[in-house]
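Values quoted throughout were computed directly from the atomic coordinates according to the rules given, and no laboratory measurement underlies them. Just so it is clear, the structure is predicted and the values come from calculations on it, not from any experiment. When we count neighbours, we look across all protein chains shown, and the Cβ atoms used for this are built from the backbone with ideal geometry, even at glycine.
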Amino acid sequence: MYPQKSYQDLIVLVLLVILSIGIFTFHFREGESGLLHGLQRFTMNVMSPLQTGISVVISPFENLFRFIGESKDFRSENRKLKKELAETQRQLTTFKDIEKENARLRKLVSLEEKIAFNTLVARVIGRQTTEWQSNIVIDMGSADGIKKHMPVLVSEGLVGQVVEVSRGAALVQLIDDEKSGEAAQIVETGEEGVVQGQEGGGLRLNFIAKSSPVKAGDSVITSGIAGVFPRGILIGKVKEAKDDPYLMYKTIVIEPGINTDLLEEVLVITDMEPPAPFLREGKNQ
Amino acid sequence: MIRPFFIKLGFLLTAFLAQITLVPHFKIGQAQPDLVLIVVVTLAFLDGALAGTISGFTGGLLLDLLPKPYMGLSALSKLVVGYLSGLFERTVVMENIFFPVLALLIASLSDRLFYSAFIFLFLGEKVHLFSIFWQMIVPSALYSAAVAPLIYFPIFRLFSPKGKPLV
C-alpha cells in the first residue's frame, strides 16, 4: 500500500502527463494560425530584445568557447589543408584539365543571378539548436518587410528559409535542420537532387543515381527548381559519396558551405516569394 | 512557506531565461547544458516527487513556448524526470560533490532519450538514434553534469534544513 502522499504525487503526475499530451496533441493538430502557435510567436517577439541585448554583451566571451569547440577542427583542418596544397600543386601542372573545369563551372554557376534580388541585412540574435531542430533568430520581422518562406543566405552560401515571423523578429530554419529540403544540383556532373538536413546536424544529397560520377570535393548549388531559392547559391561540397547495396540511390554526405555557429549577419532575399514551402512532405513547421 | 515557493520559481525562471539567451553562446561543438533540468532535479531532490513533477512541467512548458514543433513534449519529459528524481528525496548523499554530477548525467540522458524515443515511437519520425546519442545527447549530458554543481549547491545550501541526515 502506498502512503497517502505517494498517492497524491501519482495523481498529480498522471494529471500533468495528460495535460502535456493534450497540449502536444492540440499544437500538432491546430493550424499555424492557432492559439498555441500564436503564443510561440508572441514569446519569440517578447524575447528578441532580450536576446539582442545579451548577444551584444556576451559576444567577446563567446570566442573562448568557440575556440575550445573548434580546436579539434583546427587540427584536422590543418592536416586537410596540407593535403589540399599538395594536390593543388599537382593540378597546376595540368593546365588543360583546369581550363575545362573552369569553363564547365562558369556555365553552371551563375553568380550574377544570385545577386539579382533585393536583400535585407539582418543580425543573428539567437540560436535554437537541438537534436531535432536547427534554427536561428534574426532581428528583422514583419515590421521590416520579412515574410515566411523568404530565402536567407550569406556570401559563403545558403543559410536557410524564414519559417516564423513576428513583428520584430523572425525564425530561420537552417539548411541542416532535419525538416529542411532544398532542390540542388552537382556542379561538376549537372545531376539534380534534394539536399536534406539530418538528425544531429549535417546534410545529405538524395536521389542521385548510383551510376553518378560524383566524388568528394564536388560543389553542390541550389538548382532553382520550384522557385524557392534562386539558382546558383552554394550549399556545400561533397564530403563522401558511396554506394549502399540496399539503397536505390547513392549515399552522398555534404559539407555545408557555411558554419552555422559563426553566423553573425545574414541576407534575406525580400523580393522572391515562392508559392509553397519546399519542405519534406507531411511535416509541420 | 510562500516565500520559498517564489524564490524557487524565480530560480526556474532565471534558468529558463539563461537557457535561451546565454547558453546558445556557450556551446562546445554541438553540446549545451540544460539549466532548466538542473534546477528541476535539484528541487526534486530537495522537496520530493511532487515538487519535481510540478517544476519539471513548468520548466519544460516554458521551453515549449519557444517556436518549435512538439509543444508539450519538453514539459512531459521533464515532469517525468522530475518525478523520478523526487523519489530519491532524502535517500542519497546530497552534499557530496559527485552527487549532482552523477545525478544530472543520468537525468539529462534520461530526459533526452525519453524525448527522442517519444518522437520515434509515437510520431514515427525517422531517427538515427545512434548518431544523435553520441554526437549530441552524451556531450550535452556531460556538459550539464559539469555545470550542475554551480547551480545545485547554492540552491541546496539555501533550502536544505539544518541537520539533514546523510546516508
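Things worth noting here:
- Rounded Å value of the spacing that divides the Cα centres of the stretch B:47-67 and the stretch A:177-199: 38 Å
- Peptide A:30-37, shielding by other chains (average Cβ, 10 Å cutoff): 1
- Counting Cβ atoms of other protein chains within 10 Å of each Cβ in B:108-121 and taking the mean gives 1.
- Of A:LYS179/A:LYS242; A:LYS237/B:LYS68; A:LYS147/A:LYS250, those spanning more than 32 Å from alpha-carbon to alpha-carbon: A:LYS147/A:LYS250
- Per-peptide average of other Cβ atoms within 10 Å, ordering A:208-214, B:63-69 highest first: B:63-69, A:208-214
- Rounded, prolate or oblate (a/c below 1.5 giving rounded, otherwise prolate when a/b exceeds b/c) for the stretch A:136-246 by Cα gyration tensor: prolate
- When you filter the GluC sites (Glu not before Pro) in the stretch A:154-257 for DSSP loop state and at most 16 other Cβ atoms inside 10 Å of their Cβ, you are left with A:GLU156.
- Peptide A:48-58, shielding by other chains (average Cβ, 10 Å cutoff): 3
- Centre-to-centre, using Cα atoms only, the stretch B:1-28 and the stretch A:1-53 are separated by 17 Å.
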